Amino acid sequence: METAQFGATPKGGIKRLTVSDEDKRVRDWFKTECEKLGCKVEVDEVGNMFATRPGKRDDILPIAMGSHLDTQPTGGKFDGVLGVLGALEALRTMVEMGYQSNAPVMIVNWTNEEGSRFAPAMLCSGVYAGVFTPEFAFSREDRAGIKLGDELQRIGYKGTHKAGAIKFSAMFELHIEQGPILEAESKMIGIVTGVQGMRWYEVTVTGQESHTGATPMLLRKNALLAAARMIEAIDQVGMAHLPGVASVGLIENKPNSRNVVPGEVFFTVDLRHPDEAVLDKMEKAFRSALPKIAAEAKVTFEEKRIWNSPAVKFAPELVKCVAQGAAQAGFKSREMASGAGHDAAYIARVAPTTMIFVPCLGGISHNEAESTTQEECAAGAQVLLNALLTHDASLA
Ligand code: HGY
Ligand code: MN
Ligand code: MN
């Protein structure tokens, strides 16, 4: 609730876009809170923040707990934030109890998880994992043409450490489920086993601007009409490959004037499925639908895939720590895969990683009404701490 002030919206949500002034304020707040716990806070070249508290032994790598503090434009108070603040609460509890772990403990705030302002999502955990170069990340532009690298510099979070240089031995990520399963089954904890495959595309449809009054229907090259038919076809791709999903979220119509037949439309496509082979089929179906629609509407189009995050399985030994942690705390739990993308999906490439879910009201997320009870937040933080200490005990 305290960090929800940074980017608070009138409808009770948060607008805290990556490396905006609001993001700077919550980063500064996070740094101060970690330093109060005796942590050293380091920032890498793409703004990832690493707060480390020493353990009994300094000859073994830290165990990390991480997530993100950036939000969607109409985001909620818990997506990403619960994972960072849940980690802070777990660390606070250790400090208050005067408990020292074997391994150092690290809290990580990953830059640009949402991919809303700067595509793709999970960009800077991706840089850390070697999926993208720092230069690629710096070059990413928002729809106003502002570059991520320049904004990182402007808010003072373009750190000195090379991405990937600050090491940890394992990562746990606490997150709200962002879907309806745990609530429907009255389970408190999701033992997350992996993340589904995700692909993002950009489509630009080009027609011809013309007068809406003087241009006969049969002579038009209406880019928005073609885009509308493409968007319908994309929805059909999702419906034909359940439990896969297919979405168009961002659309720009030019010139967007009441009495001009639209000449150019830009829109984004988000395809996801747990099985890569089916995701390939969805991609093929999507790509084969566009040419027919364009030809009928007498328009042209360009389409390119800008992101491909394959399905990921999490580390079984850490998944077990979460299951033990939930049982230890006496919470009902169930194994599940994640529909949403998370930094853990990329971090799993460079260190054993897993996730913990708690329910959110009605499974609603990426929505200002996103809501999770204090009891559910506390349960998540408790299981996060239990899982971390279970893993830590194995390192003694
Ligand atoms: O797109 C996602 O699934 C995540 O919320 N960035
Ligand atoms: Mn998230
Ligand atoms: Mn999100």
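The values are calculated or read from the model by the stated rules, or taken from the named source; none is laboratory data. Everything quoted here is computed from the prediction, not taken from an experiment. Cβ sites come from the backbone with ideal geometry, for glycine too, and all protein chains shown count toward neighbours. Note: areas computed on protein heavy atoms with side chains; ligands, DNA, RNA excluded. Shrake-Rupley method; radii C 1.70, N 1.55, O 1.52, S 1.80 Å.
General remarks:
- Split the accessible area of the stretch 218-283 by element, probe 1.4 Å, and carbon with sulfur accounts for 57%.
- Accessible surface, per residue, of the stretch 337-396 when the full set of protein chains is kept, probe 1.4 Å, Å²: 34
- Choice from E177, E202, E296 showing the highest fluctuation, given a GNM over the chain with Cα pairs closer than 10 Å: E296
- Cα-based Rg and Dmax for the chain, where Dmax is the largest Cα-Cα distance (Å): 22.3, 79
- Percent carbon-and-sulfur accessible area, the stretch 39-141, ignoring ligands, DNA and RNA, probe 1.4 Å: 52
- Reference-scaled alpha-carbon Rg (2.2 N^0.38 Å with N residues) for the stretch 1-151: 1.06
- Seen from G76, the other residues with C-beta closer than 13 Å to its C-beta sum to a net charge of -2, counting Lys and Arg as +1 and Asp and Glu as -1.
- Percentage of interatomic Cα-Cα distances in the stretch 1-55 larger than 19 Å: 37
- Projected area averaged over orientations for the stretch 122-216, convex hull of C-alpha atoms, nm²: 12.6
- Between N259 and K147, the simple label model (points 7 Å from Cα in the Cβ direction) yields a spacing of 4.3 nm.
- Here the stretch 315-396 has 55 percent of its accessible surface on carbon and sulfur atoms, given a 1.4 Å probe and all protein chains in place.
- Listed by chain and number, the lysines whose alpha-carbon sits under 17 Å from that of K167, ignoring those within fewer than 8 places in the same chain, are K40.
- A Förster radius of 51 Å, combined with the Cβ-Cβ distance separating A369 from Q208, puts the computed FRET efficiency at roughly 0.80.
- Semi-axes of the equivalent ellipsoid of the stretch 14-95 are 24, 13, 11 Å, computed as sqrt(5λ) over the eigenvalues of the C-alpha gyration tensor in descending order.
- Cross-link partners for K320 among the lysines, with Cα-Cα distance under 18 Å and sequence neighbours closer than 8 places in the same chain left out: K187, K332.
- Whole-percent P(r), the stretch 338-396, all Cα pairs, 10 Å bins from 0: 18, 40, 33, 8, 1.
- Measuring max minus min along each principal axis, the C-alpha atoms of the stretch 243-353 give extents of 64, 31, 26 Å (largest first).
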